[in-house]
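Down below is the structure, laid out as structure tokens.
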Amino acid sequence: MMKLYYDLHLHSCLSPCGDNDMTPYNLVNMAKIFGYDVIALTDHNTCKNCGSAIKVGEQTGITVVPGMELCTSEEIHCVCLFPSLKSAEAFSDHIYGTLPPIKNKEKIFGEQLIMDSEDGILGKEEILLTTASSVSIDALPSLVDEYGGVCYPAHIDRNSYSIISSLGDFSPDLKVSCFELTPQADERHYLEKYTATKGKLIIRSSDAHYLENMREPEFYLELRENSAEALIDYLKGEV
Ligand SMILES: [Zn+2]
Ligand SMILES: [Zn+2]
């Protein structure tokens, strides 16, 4: 088994709230400098910068897992991760059709830049990416599974856009094998207060939107190999 330091929740300049310096090139190289083994790019409701980030990862020598932070119809953020770019992009195309057709207002929300792997701008996403998709939290795990991926509730300790802030607790029918806490959260509090967390794997990631919010590696997983496939299998509980 390999001990791998991870950060599985990072936003690029494609997220309107992500800094324009958070390009695929910059964020992957920053992760490499910090000494991460595996990271995931999880922009709001899109995977359109994942291909470039994976390319930088291949050049830099760090595994980049394609992902998305999906906003469910209940306004719950969920991290969705995929074993391949192809599956992530197919999922991304599907989710695009579930978003309301609201245009981004750059002056209010920020730019949504689609970048290549060398800091070149390929284009801009027109539809606002921080809205809620029409996919519900209970429908999401099986939908993500159809694309070979895994999903789990993001930052459940936050007061907004979290499963606990939106629903008060995990829904009884929610089929997930893990959940995310912010690096600062008191793990014991959540394990004691919410019984649904029992037996689930805890993932702790930065949710960085700025290069300066990326942090020293602290959390690790032990995987059979350093690959997106091995990570997805592990998170699904299929080690
Ligand atoms: Zn979030
Ligand atoms: Zn996020």
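Any read-out appearing in this document is the output of simple, stated calculations on the displayed coordinates, not a laboratory observation. Note that the coordinates shown come from a computational prediction; the quantities given were computed from them, not determined experimentally. Neighbour counts run over all protein chains shown; Cβ positions are idealised from the backbone, glycine included.
Structure values in brief
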{"read-out": "Residue selected from segment 161-175 under the condition free of Cβ contacts under 8 Å to residues at least 60 places away in the same chain and touching a strand residue (DSSP E or B) at 6+ places or on another chain (Cβ under 9 Å), by the criterion nearest to ligand 1 (Cβ to nearest atom)", "value": "164"}
{"read-out": "Residue 87, sole failed condition from (1) assigned to a helix (DSSP H, G or I); (2) within 13 Å of the chain's Cα centre (by Cα)", "value": "(2)"}
{"read-out": "Segment 1-29, subset of a type in the set (S, T, N, Q) and within 13 Å of ligand 2 (Cβ to nearest atom), residue surrounded by the fewest Cβ atoms within 10 Å (Cβ to Cβ)", "value": "15"}
{"read-out": "Residue list for segment 217-239, restricted to those being surrounded by fewer than 18 Cβ atoms within 10 Å (Cβ to Cβ) and either part of a helix (DSSP H, G or I) or touching a Phe, Trp or Tyr at 6+ places or on another chain (Cβ under 6 Å) (or both)", "value": "217, 220, 229, 233"}
{"read-out": "Among (1) under 13 Å from the mean Cα position of the chain (by Cα); (2) away from ligand 2 (no atom under 14 Å from the Cβ) - the single one residue 69 does not satisfy", "value": "(2)"}
{"read-out": "Filter pass, residue 81 being within 15 Å of ligand 2 (Cβ to nearest atom) and of a type in the set (A, V, I, L, M, F, W, C)", "value": "yes"}
{"read-out": "Filter result for residue 114 (part of a helix (DSSP H, G or I), buried (at least 17 other Cβ atoms within 10 Å of the Cβ) and either within 19 Å of the chain's Cα centre (by Cα) or in contact (Cβ under 8 Å) with a residue 40 or more places away in the chain (or both))", "value": "no"}
{"read-out": "Condition met for residue 54 (on the phi < 0 side of the Ramachandran plot, surrounded by fewer than 24 Cβ atoms within 10 Å (Cβ to Cβ) and either within 16 Å of ligand 2 (Cβ to nearest atom) or within 15 Å of the chain's Cα centre (by Cα) (or both))", "value": "yes"}
{"read-out": "Residue 147 being crowded, with 16+ Cβ neighbours inside 10 Å and under 18 Å from residue 73 (Cβ atoms)", "value": "no"}
{"read-out": "Single residue of 79, 150 found to be touching a helix residue (DSSP H, G or I) at 6+ places or on another chain (Cβ under 9 Å) and among the β-branched types (Val, Ile, Thr)", "value": "150"}
{"read-out": "Complete set of residues in segment 11-39 that are touching a residue at least 60 places away in the same chain (Cβ under 8 Å) and assigned to a strand (DSSP E or B)", "value": "38"}
{"read-out": "The listed residue being of a type outside the set (Val, Ile, Thr) and away from ligand 1 (no atom under 16 Å from the Cβ), out of 138, 157", "value": "138"}
